[in-house]
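Some notes on the structure that comes next.
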Amino acid sequence: MTIPDHLLPDENDARLRVGARPLPINQWVSEVDEQWQHDIDLKKHLLVSRHADVVGCVAGNDEACEETAQGIAESLGLAQDKTKRGISALEDVVARVADDVCILTINPAAELVLSAGVLCAPNRWQLAQKLGRPMQAVHAPVARYDTDLARPVDAFLTRLAVDRPMWRTNWGIVNDATFFQPLIPPATPEMSPGDLFLRVEFQTLRRLPASGAVVFTIRTFQEQLSDLVARVPRMAEVLTQLIDSLPDNVAQYKSIAPYRESLITWCSQH
């Protein structure tokens, strides 16, 4: 699997930041590519075999689910089953795109909370444990989130306008290429650094005009480091600088710490 070049991290991505950029108003999810059907096939299998783990909704959010389903379907020209309502309508549409979709709504305390989702490629978190929780609680395990990101994220989401959707990326290095990763697998420090994988998420955020909810989509890409560096040689230097400059607690959170020294050595030799 290949990560699109424009989604690859650079040296500045060691710093925690929102880093959002404008997204075309009619683009609700990632662009259709050669990996699109592969991702859909993985998702359809999980929707049958692990349904309770990958689909969830807090009661009272049918409108936001249906509005999101309609927006995604119309953006791609997908037919909709008009008999489906709420989370079922969302699941029906999301099962036919490569991206996962989460919905944030405002609770009585004026906090944005994770209210619904179809999440088949979690990056070591569980949908059921996060549903109904505000952003601070959802991101509690994220290193330095409370000090470096909580206020910028809150401000960003508060300002997010209906007519100005945004996109951003998130990256990590993993020892397991499984897309469905709700738990952190055991570390394998003996693993050759070239056999590890760069995992990148393409994320979009938009505010819905009717319900006022925020739609958060996630498309996951992965590429083995040996293949990536052979294809894009400059990434060896980028990864060396990126990994070397990560704060220790961020490296620990991203599960890079067990491989840090060997990764730097390997990248510097390629």
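Would you be able to tell me the number of residues in the range 142-182 that are within 23 Å of Val200 (Cβ to Cβ), at pLDDT 75 or above and of a type in the set (Lys, Arg)? Residues in the range 142-182 being within 23 Å of Val200 (Cβ to Cβ), at pLDDT 75 or above and of a type in the set (Lys, Arg): 1 in total.
Checking each residue in the range 186-213 for being out of contact with any strand residue (DSSP E or B) (no Cβ under 8 Å at 6 or more places or on another chain) and either open to solvent by less than 30 Å² (accessible area, probe 1.4 Å) or assigned to a strand (DSSP E or B) (or both) picks out only Pro193. Examine the range 247-256 for a residue that is under 23 Å from Asp39 (Cα atoms) and among the acidic types (Asp, Glu), and state whether such a residue exists. For the range 247-256, residues under 23 Å from Asp39 (Cα atoms) and among the acidic types (Asp, Glu): absent.
Across the range 59-81, the number of residues qualifying as surrounded by 15 or more Cβ atoms within 10 Å (Cβ to Cβ), among the small types (Gly, Ala, Ser) and over 12 Å from Ala213 (Cα atoms) comes to 4. Restricting the range 118-135 to residues that are open to solvent by less than 10 Å² (accessible area, probe 1.4 Å) and either over 12 Å from the mean Cα position of the chain (by Cα) or among the β-branched types (Val, Ile, Thr) (or both), which is farthest from Asp41 (Cα to Cα)? It comes out as Leu127. Across the range 253-261, a minimum of one residue is classified as over 21 Å from the mean Cα position of the chain (by Cα), at pLDDT below 95, part of a helix (DSSP H, G or I) and surrounded by 20 or more Cβ atoms within 10 Å (Cβ to Cβ). Of Lys43, Lys84, all but one fail to be over 30 Å from Ala251 (Cα atoms), at pLDDT 95 or above, of a type in the set (D, E, K, R) and surrounded by 12 or more Cβ atoms within 10 Å (Cβ to Cβ); the exception is Lys84. From the list Trp266, Trp171, the lone residue that is closer than 30 Å to Pro24 by Cα, open to solvent by 10 Å² or more (accessible area, probe 1.4 Å) and out of contact with any Ser or Thr (no Cβ under 7 Å at 6 or more places or on another chain) is Trp171.
The values are calculated or read from the model by the stated rules, or taken from the named source; none is laboratory data. Keep in mind the model is a prediction, meaning the values are calculated, not measured. Note that each Cβ is placed from the backbone with ideal geometry, even for glycine, and that neighbours are counted across all protein chains shown. Ligands, DNA and RNA are excluded from the accessible area calculation, which covers all protein heavy atoms including side chains. Shrake-Rupley method; radii C 1.70, N 1.55, O 1.52, S 1.80 Å.
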